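Structure record follows, encoded as structure tokens.
The values are calculated or read from the model by the stated rules, or taken from the named source; none is laboratory data. As the structure is a prediction and not an experimental result, all values here were calculated from the model. So basically every Cβ, Gly included, is an ideal-geometry build from the backbone, and we count neighbours across all protein chains shown.
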Amino acid sequence: MKNVERKPRTGGHVWRAVVVLGAIFALLASVPSSTFSQMWGFHDKDFNKPGHVLISDQFNNRVIEVDRDGNIVWQWGVGPNDLTATSALGVNDAQRVGTLTLIAGTGIPAGVVDAVPDGAADNRVFLVDKHGDIVWQYGQFGVAGSGPDELDTPVQATWLPDGHILITDQANQRVIEVTRKKNIVWQYGETGVGGNGPNQLQDPNSAELLANGHILIADENNNRAIEVTRDHNIVATYTAGGTLSGVAFASRLPNGHTLITDANNNRVVEVDRHDQIVWQYVTNTEPGSNPAPLPTRGIRLRNGDTIISDQFNHRVIIVDRKGKIRRSYGNLNVSGFGLMNTSEGLFAPYDAKVIGDYTGLTPVFRLWWWGNFKH
């Protein structure tokens, strides 16, 4: 009799367990995977702290915020095996805007990642909140184009003080300024036409608003950084005395110098107003380094250190003026992926910024109007 009584009770427990598990799986299935990954390990008290580092972990298809010790406190994007809109495919750029994050989903080029031999398009610039929800987007996932609300390989985005977004639309050979209503109000470069003539670019890689209202553009395959006015005049050109090759990023420093990431020469250089090199750091000299790591971002911090995205060395480093590495995230020339700490690895990090210490110099933005932004 005991066995007879035990069987229906056991079956009832199993049935209830199945019902509960089914409900849990149904709930998880209803949550976007980007939001779920965002929630994994997310601690609100650790989010958006000054001094943390925001990393565009390119071929891990995610943006992460890490503390000084490399602990991951926030993540957007599921990981290297997710090729859907819930991740930022081939993410090249991220910037914290208040508590929002501006992300450039560039896409994965063909032949770069073994697991994705044919590549995968993203082609979006978007803002996400701290919970992982997209609150604004320009461009369509997986769609390459140059029409309204379309991009082709957007490699970088800069938030402007009036709420506009400056987008470096690389394969369209242009830099565009877009309003929150998705209207293009300014453009430099002829759409789809590469070159080095008037109003032409060749695979631009970044654009920054300067304090004087001009735009500083890293004109990658013209091997120069140019400062242009709103009426499309070039007022300054920087080539580090003709030595640059593959200009991945450029920013203006408070002393008037220009910091340039010289990717093909594996270095970050600082040039003065006369285009003379006054400082440089080369990223491929350590034992075990990739001989051609192609660094993509060098950003000067307020204390004089420089944070560098050392792309194919799979690390982010902070170096001082004497060239000493003060901090490092990721493992030298070894790619990897993990959810807890950057010691588990990064995969070709393309951009890194210290929260609260980004000296682009884009003027300080304000978010007082955010309540009207979504309408």
Only one of Asn172, Asn199, Asn205 is modelled with pLDDT of 95 or more and farther than 20 Å from Tyr350 by Cβ. Can you tell me which?
Asn199
Which of the residues belonging to the stretch 297-331 are over 20 Å from Val112 (Cβ atoms) and outside any strand (DSSP E or B)?
Leu301, Arg302, Asn303, Gly304, Asp305, Asp320, Arg321, Lys322, Gly323, Lys324
Counting only residues in the stretch 308-339 that are hydroxyl-bearing (Ser, Thr, Tyr) and within 17 Å of the chain's Cα centre (by Cα), the one farthest from Ile64 (Cα to Cα) is identified as Ser309
I need the full set of residues from the stretch 332-375 which are over 29 Å from Thr258 (Cα atoms), of a type in the set (S, T, N, Q) and either modelled with pLDDT under 95 or touching a His at 6+ places or on another chain (Cβ under 8 Å) (or both), in order please.
Ser335, Asn372
